[in-house]
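S.K.: My questions will all concern the structure given below.
The values are calculated or read from the model by the stated rules, or taken from the named source; none is laboratory data. Because the structure is a prediction, the values reported are computed rather than measured. Here the Cβ positions follow ideal geometry from the backbone for every residue, glycine too, while neighbour counts run over all protein chains shown. Ligands, DNA and RNA are excluded from the accessible area calculation, which covers all protein heavy atoms including side chains. Shrake-Rupley method; radii C 1.70, N 1.55, O 1.52, S 1.80 Å.
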Amino acid sequence: MSEPAEVPALTLQRVERSYKQGETSLDILRGVDLTLWAGQSVALIAPSGAGKSTLLHMAGLLEKPDGGEVFIGDAPTSHMDDGQRTAIRRLEIGFIYQFHQLLPEFTAVENVMLPQMIRGLSRNEARKRASELLEFLGLGHRLNHRPAELSGGEQQRVATARAVANGPRVLLADEPTGNLDPKTADHVFGVLTKLVRASGLAALVATHNMELAARMDRRVSLRDGKLVELD
Ligand code: ADP
Ligand code: MG
């Protein structure tokens, strides 16, 4: 995509989101502003219930905000229909969840091939890129293992490869190492940040781990439904 470098990868402008709770309404996001640049990794650190997952769902076009706008590159998305949003999500946005959500009956390399084949790449092209990505993430010797035959850290590295398989502009991760022991979490985070720098994508990572957050380029939090910069 040829766009001037000054266009952020992701922009949230006064994003609002409320959930109805019986008679009352829970205002979770009350005007979130965020600019995320290519090649930048940002940690989102906030207590449970603050709205981290809600924010990631808005940023990833999985849910629509009640107010405000989400831009992917310079494209506003609120007016788009579900088909357009799905197409953008498929090509421009990668997700990593706390639990890997890999397909159990497929091997590591097949799990990374699938999103590429859905996009229309041939089996061979998809296999080549999937193998290269997994090798980059230190899993060259695990290509043909099924998820159940992989450790937790290896599963999350495969999930990372799958998230970036289509070369997205934005990587969104929701507590991706929340389920791992500290040493494994450290390693997974290391390869994730290495990947962000090498590929020039923009990453927003929700985490509780301050030590890992300290290794990212920038740290933000949610206070009273608004985004604040930390440090
Ligand atoms: P976090 O990821 O920071 O723990 P969430 O974004 O998951 O926080 O949730 C923020 C708040 O919004 C919580 O109080 C949660 O109960 C509420 N919430 C999230 N999703 C829904 C929903 N679909 N319906 C009602 N309330 C929700
Ligand atoms: Mg959450």
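S.K.: Could I get the Rg over Rh figure for the chain? Both from C-alpha atoms, Rh via Kirkwood, rounded to two places.
M.R.: Taking Rg over the Kirkwood Rh, I get 0.96.
S.K.: Turning to a different aspect of this structure: Long-range amide H contacts for L10: which residues qualify at under 5 Å (H placed 1.01 Å from N, peptide plane, sequence gap of 5 or more or a different chain)?
M.R.: Distant-sequence amide H within range of L10: L36, G73.
S.K.: If you don't mind, another one. For Cα pairs less than 8 Å apart in space and 6+ apart in sequence, what is the mean separation divided by the residue count of the range 13-55, i.e. the relative contact order in percent?
M.R.: 34
S.K.: Now for a separate question. How much length is gained on full extension from Y19 to K226, taking 0.36 nm per residue of separation minus their Cα-Cα distance?
M.R.: Once the chain is fully extended between Y19 and K226, it gains 72.9 nm.
S.K.: Using a 1.4 Å probe on the protein heavy atoms, what percent of the accessible area of the range 1-92 belongs to carbon and sulfur?
M.R.: Solvent-exposed carbon and sulfur of the range 1-92 make up 49 percent of the total.
S.K.: A follow-up question, please. What residues qualify as long-range amide H neighbours of G67, i.e. H under 5 Å apart, gap of 5 or more or another chain, H built at 1.01 Å from N?
M.R.: HN-HN under 5 Å from G67: E16.
S.K.: Here is a further query. Pairs of alpha-carbon atoms within less than 8 angstrom and 6+ residues apart define the contacts here; what relative contact order does the range 1-155 have, in percent?
M.R.: 18
S.K.: Using +1 at the C-beta of Lys and Arg and -1 at the C-beta of Asp and Glu, which of L44, G178, M113 has the Cα lying farthest in the positive direction of the dipole of the chain?
M.R.: Result: M113, furthest along the dipole toward the positive end.
S.K.: How much length would be gained if the chain were fully extended between D181 and V7, taking 0.36 nm per residue of separation minus their Cα-Cα distance, in nm to one decimal?
M.R.: 58.9 nm
S.K.: Which aspartates and glutamates, if any, have their Cα less than 13 Å from the Cα of K226, not counting same-chain residues under 8 positions apart?
M.R.: E16, D27, D33
S.K.: Before I look further, what does the range 61-171 give for accessible area per residue, probe 1.4 Å, in whole square angstrom?
M.R.: 47
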